[in-house]
1. Beta carbons within 10 angstrom, averaged per residue: use that to sort the peptides 223-231, 63-71, highest first.
2. Just want the ordering: Ile12, Ile217, from fewest to most Cβ atoms lying within 10 Å of their own Cβ.
Amino acid sequence: MTSRAFPTLGAIVRGYAPRVLQARGWVLCALAVVPVAFSFILPLLRHGEGFDNRLALQIFHTVLVSLILPIMVLVAAPGGIREDLEQRTLPLILVRPVPVWILPISKGLIWFVWGGLWLTISGLGLVIVGTDPSTAAMQALALVLAFWAELAFMNLMVLVFKRGTLWGALVLFGWESLLRVLPATLQRLTFLHHIESISGSRGGLVADWDILAQEQITSPIPVAIAALVLFGVLCWVLCGWKLQATPVGLAGREAEG
């Protein structure tokens with residue numbers, strides 16, 4: 001079975017790649033690039049106001065990281081292996097003997113590459129609104145790695161829980177927003193901590209009057225990169241294990257999680 005893993009991965013990627021050119025794929029593209037494009041046009045419409053690094057940082061942290069990235073994950077994740085489970089098409093993939101555990105990452109890889117491409121363009125595009133090129137490169141890297149980890153996490157949620165999308169959304173929009181008041185150890189258990197560590201800037205400051213505020217820590221860039229990559233790998237492995245252990249049929253409650 002293991003010897004067929006990579007041919008299976010390649011076959012599924014080639015077979016499903018055209019799906020990214022459908023509506024879901026172009027929604028991902030628009031989500032990534034429209035905010036940066038609009039932020040470039042808006043100052044020009046306001047009597048030719050110039051660009052500065054503060055605007056670029058605000059776009060990166062407030063718009064791309066806190067809003068656009070989680071929405072892209074929520075849009076892309078249902079296009080993965082969960083779609084085949086819900087539409088009862090997974091047994092058709094399993095007609096030939098293939099390693100079941102490779103299927104989630106095979107489909108997830110398609111959406112990661114497509115979304116990561118546009119996030120890279122968006123992150124590097126911050127140069128046009130005042131970001132230093134080296135900073136923009138790190139910001140783009142942080143977006144792509146976070147997309148990898150969050151997409152894997154969301155795929156795991158929708159495979160493990162019947163309402164996985166809801167639980168995943170609560171983590172991405174709820175737990176992540178608590179970063180400023182979490183103790184140092186718990187800060188490391190958020191995607192946002194590693195994004196900020198890689199990008200070298202923070203999306204928010206702790207006010208002196210906030211009695212719940214905790215000291216903000218920063219992880220070394222290699223550690224933050226490794227954390228996002230390895231967490232994504234772990235989630236994909238667990239996705240494969242969950243699918244391997246799930247009875248799959250053309251109909252019935254098994255296909256619904």
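Derivation of every value follows stated rules applied to the coordinates shown; laboratory data play no part. The model shown is predicted, which means the values in this text are computed figures rather than measured ones. Neighbour counts are summed over all protein chains in view; Cβ atoms, including those assigned to glycine, are modelled from backbone coordinates with ideal geometry.
1. Put in order of decreasing packing, that is 63-71, 223-231.
2. Ile217, Ile12
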